[in-house]
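Q: Before we start, here is the structure in question, set down as structure tokens.
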Amino acid sequence: MHIIHLATELAPIAKVGGLGDVLYGLSKAVAKQGHKVEILLPKYDCIDYSQIKQLKVHRKEVTVKEGEKKYRNTIWSGELDGLQIFLVEAHGHPQDYFCQGKIYGCPNDIERFTYFCKVAVEYLRQSGVQPDILHLHDWPTALASLLYPKGKTVFTIHNLEHQGICAKEQIARLGITPDEKMEDPPRPHLVNLMRAAIECAGAVTTVSPTYEKEIQTPEEGMGLEKILAKHKKKLKGILNGIDEEYWDPEKDPLLVKRYATHKVDTPEKLKSVLLAKAENRKHVRTHFSLPQENVPLVVSITRLVTQKGPELILHAMQRTKEKGGQFILLGSNHDSKHGSGMEKEFIALQKSGSKNLALCLDKNEALAHLLFAAADMLVVPSRFEPCGLTQLIALRYGTVPIVRRTGGLADTIADIDTASTPPTQRNGFTFDHYNPEGLEWGLDRALTLWTHHPDQWHQLMLQGMQQNFTWERPATQYLSLYSQLLKYAYCPRKGISLG
Ligand code: ADP
């Protein structure tokens with residue numbers, strides 16, 4: 001099968017959050033199963049070009065019309081860790097759409113990404129490339145679902161919060177006349193690109209089974225619940241994985257001390273995991289000037305946006321301090337449009353004299369790897385969470401997750417005290433209520449177990465480390481969905497039902 005992804009992020013060269021990880025991991029896993037996978041991205045100026053091999057001009061003169069004018073674009077090709085990538089350069093356009101120093105957050109994001117879609121589909125047309133499946137991701141690539149045959153497009157919702165809502169003229173400039181299937185349900189005079197893709201794509205997926213159900217409710221559907229429910233036959237939740245090579249504590253070049261976490265079946269192997277984690281922890285404590293004491297180290301590695309529960313992260317810091325532990329927050333994106341605006345509170349708390357709290361209000365990939373390895377616990381108190389990857393990475397690095405039971409967090413983390421999961425499959429702490437008491441229910445039990453029952457703590461770590469959240473299974477699920485869709489493409493009247 002030949003699959004082309006249209007995407008706006010790709011780890012590690014153009015990553016903002018989990019979307020970049022998903023593109024990287026899913027593509028590699030599907031390619032590993034013998035399929036041809038290619039990824040088309042904007043040629044941002046902020047890509048880490050040092051990691052791309054054989055970067056060269058692939059096709060010139062891909063011309064698209066915007067308003068009354070025609071603009072030339074160039075498609076570049078290159079290779080990233082065995083993946084074939086193509087980059088769309090809008091050099092002929094006066095706005096130089098992809099040279100804005102960042103991936104998202106420009107005032108003209110709608111224009112930038114809809115233009116990207118138009119050029120990408122035009123490139124496929126002009127070059128005669130006809131993939132079996134065009135796989136689209138979130139609102140920035142949604143427009144392509146209108147420009148490509150329905151039976152061959154998959155649209156994945158990674159986060160329903162951002163829907164690409166804009167004025168009709170912003171779409172009409174590309175020669176597309178917005179119809180009622182593109183209307184934003186609460187404000188029909190506007191276009192909703194996410195909705196358009198849900199209506200037009202051959203199949204719609206989201207990144208966990210629980211989120212698939214949640215988004216069909218008024219509480220979590222962000223205004224699109226009725227549209228999603230209408231299309232539920234072609235909607236499917238496929239849980240994300242993590243790339244087993246990129247997130248592997250045994251080979252991770254960013255760790256101070258590496259360690260193997262699978263098949264830890266003897267006390268000696270467990271001891272070497274504990275020693276290696278302690279060495280990483282020592283390094284991190286030195287880096288942040290935290291005391292080298294035998295107390296639990298709790299971390300949060302997150303975009304600091306409202307979705308991620310910044311008030312509860314702040315509360316977790318405070319509570320950990322009160323209980324005698326240490327807390328490090330690595331938080332990015334706080335200055336964006338969707339930022340929590342809470343950085344002052346974090347800085348004030350850290351400055352309030354506590355030697356056991358540390359902050360890095362930045363995006364730092366290397367530090368993230370080191371923290372996953374060094375920490376005892378990771379807190380993820382999200383308001384909603386389509387899938388969440390940090391809890392999966394934490395499990396692989398022997399760090400115990402404490403999560404709010406929502407979306408993909410509910411699908412991946414089973415509480416140590418739950419009766420609904422066999423004891424050997426429990427892997428962390430969960431809480432239900434989005435409030436300080438809820439968080440304390442999860443965090444306090446974790447801190448108590450760490451302090452008073454180290455053997456049970458190690459057993460919980462071991463259970464998490466043994467679990468398999470790689471991309472193998474999700475890749476197989478996507479491939480079976482692609483196959484179903486291709487059958488439908490030849491017999492559209494039967495309709496697709498993904499069950
Ligand atoms: P989202 O995509 O909503 O940000 P996910 O949990 O799906 O959340 O994915 C987050 C990804 O981004 C993980 O790979 C995580 O390690 C990384 N990440 C989040 N915040 C930071 C940060 N401040 N610095 C470095 N990496 C981060």
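Q: At 1.4 Å probe size, with the rest of the protein present, what percent of the exposed accessible area of the chain is carbon and sulfur atoms?
A: After summing per-atom areas, the C and S share lands at 50 percent.
Q: State in Å² the accessible area per residue of the stretch 35-149; use a 1.4 Å probe, count heavy atoms of protein chains only, and round to the nearest integer.
A: 42 Å²
Q: Follow-up. Using label points projected 7 Å from each Cα along Cα→Cβ, tell me how many nm separate Arg445 and Thr266, to one decimal.
A: Spacing of the two 7 Å Cα→Cβ label points: 3.4 nm.
Q: Is the chain best put as rounded, prolate or oblate by its Cα gyration tensor, with a ≥ b ≥ c the root eigenvalues, rounded for a/c under 1.5, and otherwise prolate when a/b is larger than b/c, oblate when not?
A: It comes out prolate by the Cα gyration axes.
Q: Is the C-alpha gyration tensor of the stretch 1-110 telling us rounded, prolate or oblate? Criteria: a/c under 1.5 is rounded; beyond that, a/b larger than b/c is prolate, otherwise oblate.
A: Numbers: a/c = 1.93, a/b = 1.50, b/c = 1.29.
Prolate, because a/c is 1.5 or more and a/b exceeds b/c.
Q: If each of Ser50 and Asp362 carries a label point 7 Å out from its Cα toward its Cβ, how far apart are those two points in nm?
A: Calculated label separation equals 1.5 nm.
Q: Per-residue accessible area for Arg173 at 1.4 Å probe radius, Å² rounded to 10?
A: Result for Arg173: roughly 40 Å² accessible.
Q: Counting Lys +1, Arg +1, Asp -1, Glu -1, what net charge surrounds Pro386 among other residues with beta carbon under 14 Å of its beta carbon?
A: Values: positive: Lys213, Lys236, Arg303, Lys308, Arg383, Arg404; negative: Asp21, Asp138, Glu161, Glu212, Glu214, Glu220, Glu385, Asp411.
Combined, the nearby Lys, Arg, Asp and Glu give -2.
Q: Beyond 19 Å, what share of the Cα-Cα pairs of the stretch 224-292 is found? Please give it as a whole percent.
A: Working: 1352 of 2346 pairs.
Distances greater than 19 Å cover 58 percent of the Cα pairs.
Q: With r as the distance between the Cβ atoms of Lys213 and Lys282 and R0 = 41 Å, compute the FRET efficiency 1/(1 + (r/R0)^6) and round to 0.05.
A: 0.40
Q: Across the stretch 218-308, how many lysine pairs, 8 or more apart or on two chains, come within less than 30 Å at their alpha-carbon atoms?
A: 27
Q: Please give the per residue accessible area of the stretch 193-285, computed with a probe of 1.4 Å over protein heavy atoms only, in Å².
A: Counting only protein heavy atoms, the per-residue value for the stretch 193-285 is 45 Å².
Q: With a/c under 1.5 counting as rounded, go ahead and sort the stretch 16-61 into rounded, prolate or oblate using the C-alpha gyration tensor (a ≥ b ≥ c being the square roots of the eigenvalues; past the cut-off, prolate if a/b is larger than b/c, else oblate).
A: Oblate, since a/c reaches 1.5 and b/c is not below a/b.
Q: Related question: Expected output is a single nm value to one decimal: the length gained when fully extending between Glu169 and Lys70, i.e. 0.36 nm times separation in residues minus the C-alpha distance. What is it?
A: Length difference between fully extended and current span is 33.9 nm.
Q: Something else: How much length, in nm to one decimal, is gained on full extension between Glu161 and Lys232, taken as 0.36 nm per residue of separation minus their Cα-Cα distance?
A: 23.7 nm
Q: For the chain, what proportion of DSSP beta bridges, expressed in % and rounded to the nearest 5, is antiparallel?
A: 35 percent
Q: At 222 nm, what value in deg cm²/dmol follows for the chain if DSSP H runs of at least 4 each add -39500 (n - 2.57) and the sum is divided by all its residues, to the nearest 500?
A: -11000 deg cm²/dmol
Q: While we're here: Can you sort Ser497, Ser289, Ser332 by solvent-accessible area, 1.4 Å probe, largest first?
A: Correct descending sequence by accessible area is Ser289, Ser497, Ser332.
Q: How large is the convex hull of the C-alpha atoms of the stretch 247-370 per residue, in Å³?
A: On the way: hull volume 14.5 nm³, N = 124.
Measuring per residue, one finds 117 Å³ for the Cα hull of the stretch 247-370.
Q: Enumerate lysine pairs in the stretch 99-178 that are 8 or more residues apart or on different chains, then count those whose Cα atoms are under 23 Å apart.
A: 5
Q: Here's something else I'd like to know. Between Thr177 and His58, what's the calculated FRET efficiency when r is the beta-carbon distance and R0 is 30 Å? Round to 0.05.
A: 0.45
Q: Ok, one more. Excluding same-chain residues fewer than 8 positions from Lys213, which aspartates and glutamates have a Cα within less than 19 Å of its Cα?
A: Candidates past the 8-residue exclusion: Asp138, Glu161, Glu199, Glu225, Glu385, Asp411, Asp432.
Q: Output the antiparallel fraction of DSSP beta bridges having both residues in the stretch 106-245, as a percent to the nearest 5.
A: 30 percent
Q: Measuring with a 1.4 Å probe in the full set of protein chains, what accessible area per residue, in whole Å², belongs to the stretch 412-471?
A: For the stretch 412-471, the per-residue accessible area is 48 Å².
The values are calculated or read from the model by the stated rules, or taken from the named source; none is laboratory data. Only a predicted model underlies this, so the values are computations on that prediction, with no experimental measurement involved. Cβ atoms come from the backbone with ideal geometry, glycine included; neighbour counts cover every protein chain shown. In case anyone asks, the SASA skips ligands and DNA or RNA and just uses the protein heavy atoms, side chains included. Shrake-Rupley method; radii C 1.70, N 1.55, O 1.52, S 1.80 Å.
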